[in-house]
Every structure is written in structure tokens, then in C-alpha cells.
Amino acid sequence: MKFTTLIFSLTILLISCSSPATDDTVETWSAIEETNDLQDMTDLELDRLQLPTGFSIDLYARVKNARSMAMSPSGVLYVGNRNGDQVFAIKDTDGDYKADVRYVLDSGLRMPNGVAFRDGDLYVAEVSKLWKYPSIEDDFNAISKELIYEDYPTDGHHGWKFIDFGPDGKLYVPVGAPCNICESKDSIYASITRMNADGSGREIFASGVRNTVGFTWHPETGDMYFTDNGRDMLGDSIPPCELNRATEAGQHFGYPYCHGGYIKDPEFGDKYPCEDFVAPAQNLGPHVAPLGVKFYTGNMFPAEYNMLAFIAEHGSWNRSQEAGHTGHKITTVKIENGEGVAYEDFITGFLNEETNKAWGRPVAILFLEDGSMLISDDLRGAIYRVTYSG
């Protein structure tokens, strides 16, 4: 009798160990599908834009406060935002390069600016947290997410994040300075970090980076190039914003001691000489707020655009009315031996220079397989497509 009772008890124990507990069930939800206003041209002033001869720009999709973009191999475009709390997916179902459907994948997030896609999984960055949405494209009616990291600072100032995977398979995540200009006791501020895809092994990759909201890797050298927003309150003409080149881990790019590679900060500049830091690959315009950056390797644009760095300049706020705004455009930088040798306008006209008011603000750049370019605009809540037809 005792032996029979023991066998029964062991059987129950084995069943309980092998069966999933109800409390461990992964929560899932359905995306919200939207088809309205995707091609609504209201308040878009595309006829104001000036592009080089042979280039055209059209609306690809409307997405509220469109910020960072990531494209999956299947052609689904993922879009984050900063002023809202949602993450979107965009599909062009008939292949005409105009979006047909928009999905709200998740909401209630804090500044979910950064999105990245890798091995079937979507990654989204909040201010202090990183989420993974595993196998996101298997079923938009059964979405789930996993918290892979939650120990970034909670500061809202420069807290929104751009994220991307590097050639080394690491997920790169910046942490902006929690101020306009300051020294931080915690080295995590004003840095670019990296970690494994599961959130383990976080380390600081680069320091002295005031606020980068865009980086990429050179297709040939593998060096990281990142934009950096210069400090405010030094006047209309200085300091320049920057395009920087990181060739290895552990480099320092000057903030808060030196700006643009040559301007000593009036408060902190006496502590270290500018020569101690890595100088920018290219100084950009003052207060232009450079965000997204990508190198062109497609076949649609003319040959002279090959390997140029395209930069989305979000546009200034810290300029006097008399001086007028800067940025609000797409620019290019030609790189030779790791240094910029030419910095030129590519698309202008988002800013009405007569009224000193902008109708659009470029954020991120992404190139499609056919070689065309997507540009997100968070002010108008739109994504544009740039093509070349000769």
C-alpha cells in the first residue's frame, strides 16, 4: 500500500514538473490594423523641396511622429516615435512603393524612438528599457515581448534612443548627456554602449558623445560613423555639430571639454586639451541637429553618390531670429581615408527661409533594395521615398 502511494506521488510530481504553469503563460495581443490616411497629402509641401536634377520625392506612408526605421528581410518597415508611445509596422502589399496598411504593434511605451530587426525579432528601445518582440512576423495577432534590459538611466533629457546591430552582432545603444553641458559622475552618460542580443555583457563602446541619434558602419572598413548634436548656448555660429568615426572601442570624442575638435568649452575646456580627444571626421553646420546617417551602396542613384554618407539634419532651435534656422535638410559627406572631404546639400526646402519656419523635419534615412531612399519626418508624421530616373 505504501509502495503504491509512493508511485502515485512520484507520478504527480513528474507531471507537475513537466507541465507549464499557468502563471508562466506569455501574454499576447493583436496589432491594431489601420488603412486610413496612409496616402493623405494634406499639409505636405513636397513641391517646396529642391533635389538634384533627375531625383524625385513622393509620399510613402503617413506615420504619426515617424522617427527611427528598420526594414525586415520580408519588406516590413518598423517605425518608432518619440512624442507618442507607439511602435508601428508598415506594409506595401502590392509592391508599388506606397504603403497599404499600418499596424500599431504596441503602445504605452516611453519614447520608443529606437527600433532594430535581427533574426526574425524586433527590438525596441524605451528611455531606460530594451524590449524584444520574438518572431514578430509569425502572427501580428499573437504579439508578445520580452524585457532584455532595464538598467539605463530614466532621464528624459536626451533619453530617447537610436539602436542598431553592428557587424559584430552586438546591439549598440547610446545614452545622451542628461543636460546641455555638464560633467556626469556616472560614465554611462554621454556614451555609446553595446551588448549581446539577449541583453547580457553590456559595456561602454565610446565616450564623450553628447547625444547621438544615428549611427551606421562603413560598408568597406567596418568603422562606425555617428552623428552628434553640439551643445547649445554658445551663440548662433558655434559649435558645429559633428559626424564622427569610431575605429575601436574605448575612444573619447570630447564632450563636455571640447567641441568640433577645436573649441574649448568655456566651463570645462581647461581640464583637458582638445588634442586628447578624437576629432570629428566632418564638422557639420552649427545647431543643425544631425540624426540619421547611412552610406549609399545601391544601384539606382548615379555613380557619384556611391559610398556617400547621407545625413538627416533635423534642424535648429537654438538660433536667433536674425540668424535664422539651420539644418532641416538632407546632406551628404564624402569620405576619403576616414575623413570628410566634401559636405554638401542634397535635399533642401523643408525650411521656409523667408518666414524662418519649417514645415518638415527629417529624422532617419533607410535605403530599399531597389536603391531608393526612405526619409522619416516626425513633424509632419510622414515617410517619403526618393528615387532617381535620370
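Can you tell me which residues in region 262-312 are over 24 Å from the mean Cα position of the chain (by Cα), open to solvent by less than 40 Å² (accessible area, probe 1.4 Å) and closer than 18 Å to residue 210 by Cα? If the condition is that a residue be over 24 Å from the mean Cα position of the chain (by Cα), open to solvent by less than 40 Å² (accessible area, probe 1.4 Å) and closer than 18 Å to residue 210 by Cα, then 263, 265, 268, 269, 274, 277 are the ones that fit.
Annotation: of all residues in region 346-390 being at positive phi and either under 16 Å from the mean Cα position of the chain (by Cα) or not small (Gly, Ala, Ser) (or both), the one that is surrounded by the most Cβ atoms within 10 Å (Cβ to Cβ) is 381. When every residue of region 169-188 is checked against the conditions, at least one turns out to be surrounded by 22 or more Cβ atoms within 10 Å (Cβ to Cβ) and farther than 30 Å from residue 271 by Cβ. Exactly one residue out of 284, 243 is in contact with a Cys (Cβ under 7 Å, 6 or more places away or on another chain) and either touching a residue at least 24 places away in the same chain (Cβ under 8 Å) or farther than 24 Å from residue 184 by Cβ (or both): that is 284.
Please work out which residue is most open to solvent (accessible area, probe 1.4 Å), limiting yourself to region 209-246 and to residues that are among the small types (Gly, Ala, Ser) and under 23 Å from residue 127 (Cβ atoms). In this case the residue turns out to be 230. Based on what the data block shows, is residue 105 at negative phi and open to solvent by 40 Å² or more (accessible area, probe 1.4 Å)? It is false that residue 105 is at negative phi and open to solvent by 40 Å² or more (accessible area, probe 1.4 Å). Only one of the listed residues (206, 249) is over 16 Å from residue 340 (Cβ atoms) and open to solvent by less than 10 Å² (accessible area, probe 1.4 Å). That residue is 206. Of all residues in region 63-75, those satisfying the criterion of being open to solvent by 10 Å² or more (accessible area, probe 1.4 Å) and either more than 11 Å from residue 122 (Cα to Cα) or acidic (Asp, Glu) (or both) are 64, 65, 69, 73, 74, 75.
Taking the conditions exactly as written (modelled with pLDDT of 95 or more and under 16 Å from residue 164 (Cβ atoms)), does residue 247 satisfy them or not? Criteria not met by residue 247.
Scanning region 327-345 for residues that are under 18 Å from residue 224 (Cα atoms) and open to solvent by 40 Å² or more (accessible area, probe 1.4 Å) yields a total of 5.
Can you report the number of residues in region 127-164 which are assigned to a strand (DSSP E or B) and open to solvent by 20 Å² or more (accessible area, probe 1.4 Å)? Count: 7. Taken over region 93-126, the criterion of being in a loop (DSSP other than H, G, I, E, B) and closer than 25 Å to residue 149 by Cα is satisfied by 107, 108, 109, 110, 111, 112, 113, 119, 120, 126. Restricting the search to strands (runs of 3 or more DSSP E) fully inside region 8-92 and requiring at least 3 residues that are under 20 Å from the mean Cα position of the chain (by Cα) and modelled with pLDDT of 95 or more gives 55-62, 66-71, 77-81, 87-91.
Scanning region 75-107 for residues that are polar (S, T, N, Q) and within 15 Å of residue 39 (Cβ to Cβ) yields a total of 1.
The values are calculated or read from the model by the stated rules, or taken from the named source; none is laboratory data. What you are looking at is a predicted structure, and each value in this text was computed from that prediction instead of being measured. Every residue, glycine as well, gets a Cβ built from its backbone with ideal geometry; the counts of neighbours run over all protein chains shown. Calculation scope for accessible area: heavy atoms of the full protein, side chains included, ligands and nucleic acids excluded. Shrake-Rupley method; radii C 1.70, N 1.55, O 1.52, S 1.80 Å.
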